[in-house]
Amino acid sequence: MALTEQGLQLAQAIRQCLDQYVDIYVSEKLAPDEASRKKLQVHTFHKLSEAVESNFTAYEGLIFVMATGIVVRTLAPLLKDKLTDPAVVVFDEQGKHGISLLSGHVGGANELTRQLCQAIGAGPVITTATDVNELLAPDVLATRLGLRPWPKVRIKTLNAGLLAGKKIHWRIDRTLPHSVFYKRKLEQYGQAADLCVTSQLLAVIPEEREQLEVVIMSEVNLPELSNLPANILCLTPRKLIAGVGCRKGTPAALVMSALDMACRMIGRDRSFIDELASTIVKRHEAGIIYAGDSLVRPVKFYENDKMSHMIEAHQLEESAFVRKHIGIGNVCEAAAYCSAGERGGRLALRKTKFEKVTVALLWEK
């Protein structure tokens, strides 16, 4: 979002640096008619506050090119939770500095700031204490591993302990489907991690009461907060949803191959997929049905009107070709958001085209 001509120029430069689809919103003074909006490829707003309010939950990341004070005052009434608010990054008009303002860890604003600043030659301004001290916070690792932190209050407890020089020990429920994956990844990040039986996960002997623990476990096994030891933060696997679209009569082998390649693009394999989703128009598509059966995962098909709502709510890019043939212009991303439901989700992989198949991957929030 930008307010001035110079801000628009930087926004366009940022769009060119990102692989992902980027929408630009500018003051209507910069693009007063349809021809100029089309030429600049922008959306316009009359009031910044209205544009931010209507789009705050539509995007996973918001980049502002303007004074930080304006952004703070505009966002203040909309903020809800550090675990669900979008990433917010602010640049000055000359692109000298990029500030990670909101949702630096779980929302990914710190990593987005570093990525953008490296691309345009700006200086990153990151103020979260663990990052300043070059420490890997558990909520950062949770995002990288596709895990959900609980309870939120323990994030602060563990990060404070980390800053005080304490070490964090990780326990992983060995009965989780991908426990070995989590252990290997954590060790790559320099963390000490053990695979444990379920009964050992929350057991704390007296001499370990001061040791910081992060426990990776199933959501169904989470204890009551009152029963959770004060030195433990729990992480539970987020659901990974694969939104799938394909041409009529696409062989199952091509659908499975597309899912394989999509998962590899985010550092996973297809066994991580928890659910497949598509449009009701494809409910008899043998390739999609076979993929669900092969993975032993549910396949959910959604009505086009519900998917249209998701397209509008998340400002999803549409294809005129797809809209002509099935009535809506986006299948895989819209279906994935439908599957996430009220919890919402963050796209791990935007709509990606493979041979006769498109796939989007979304982590449930």
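Each value in this text was obtained by applying a stated rule to the coordinates, not by laboratory testing. Because the structure is a prediction, the values reported are computed rather than measured. All Cβ positions, glycine included, derive from the backbone under ideal geometry; neighbour counts span all protein chains shown.
What the table shows:
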quantity: Out-of-range pairs (alpha-carbon distance over 29 Å; input Lys156/Lys353; Lys39/Lys306; Lys29/Lys82; Lys300/Lys356; Lys185/Lys306); calculated: Lys156/Lys353; Lys39/Lys306; Lys29/Lys82; Lys185/Lys306
quantity: Candidates Arg268, Arg323, Arg283: whichever shows maximal mean-square fluctuation once the chain is modelled as a Gaussian network with Cα springs under 10 Å; calculated: Arg323
quantity: Cα-derived Rg to Rh of the chain, Kirkwood definition; calculated: 0.99
quantity: Three-way shape call for segment 54-156 based on the alpha-carbon gyration tensor, with the a/c threshold at 1.5; calculated: oblate
quantity: Computed helical MRE - 222 nm, the chain, DSSP H runs ≥ 4 contributing -39500 (n - 2.57), nearest 500; calculated: -10500 deg cm²/dmol
quantity: Derived scalar couplings ³J(HN,Hα) [segment 150-160; Karplus, 6.51 cos²θ - 1.76 cosθ + 1.60; whole Hz; x for Gly, Pro]; calculated: 7, x, 4, 4, 6, 4, 4, 4, 6, 5, 5
quantity: Overall form of segment 138-237 per C-alpha gyration tensor (a/c, 1.5; a/b vs b/c); calculated: rounded
quantity: Check: the chain dipole with +1 on Lys, Arg Cβ and -1 on Asp, Glu Cβ, in debye; calculated: 600 debye
quantity: Cut-off under 5 Å, modelled amide H: who pairs with Val331 long-range; calculated: none
quantity: Total formal charge among the other residues, if their Cβ is under 15 angstrom from that of Glu303, Lys/Arg +1 and Asp/Glu -1; calculated: +2
quantity: Gap separating the Cα centres of segment 238-260 and segment 217-234, nearest whole Å; calculated: 36 Å
quantity: C-alpha center-to-center spacing [segment 1-70, segment 271-332] in angstrom; calculated: 29 Å
quantity: Estimated vicinal HN-Hα couplings, Hz - segment 352-365 in sequence order (Karplus 6.51, -1.76, 1.60; Gly, Pro = x); calculated: 10, 8, 10, 5, 6, 9, 10, 9, 10, 10, 9, 8, 5, 5
quantity: All-pairs Cα distance distribution in segment 36-84, expressed in whole percent, bin size 10 Å; calculated: 20, 54, 22, 4
quantity: Counting all C-alpha pairs of segment 261-359, share separated by more than 16 Å (%); calculated: 56 percent
quantity: Highest-MSF residue in the chain out of Ala320, Ala51, Ala119 [GNM, Cα springs under 10 Å]; calculated: Ala320
quantity: GNM result for the chain, Cα springs below 10 Å: residue of Arg114, Arg343, Arg270 fluctuating most strongly; calculated: Arg343
quantity: For segment 105-127 and segment 157-188, distance of Cα centres in Å; calculated: 25 Å
quantity: Nonlocal amide H pairs with His97, under 5 Å, H built at 1.01 Å; calculated: Asp92, Gly123
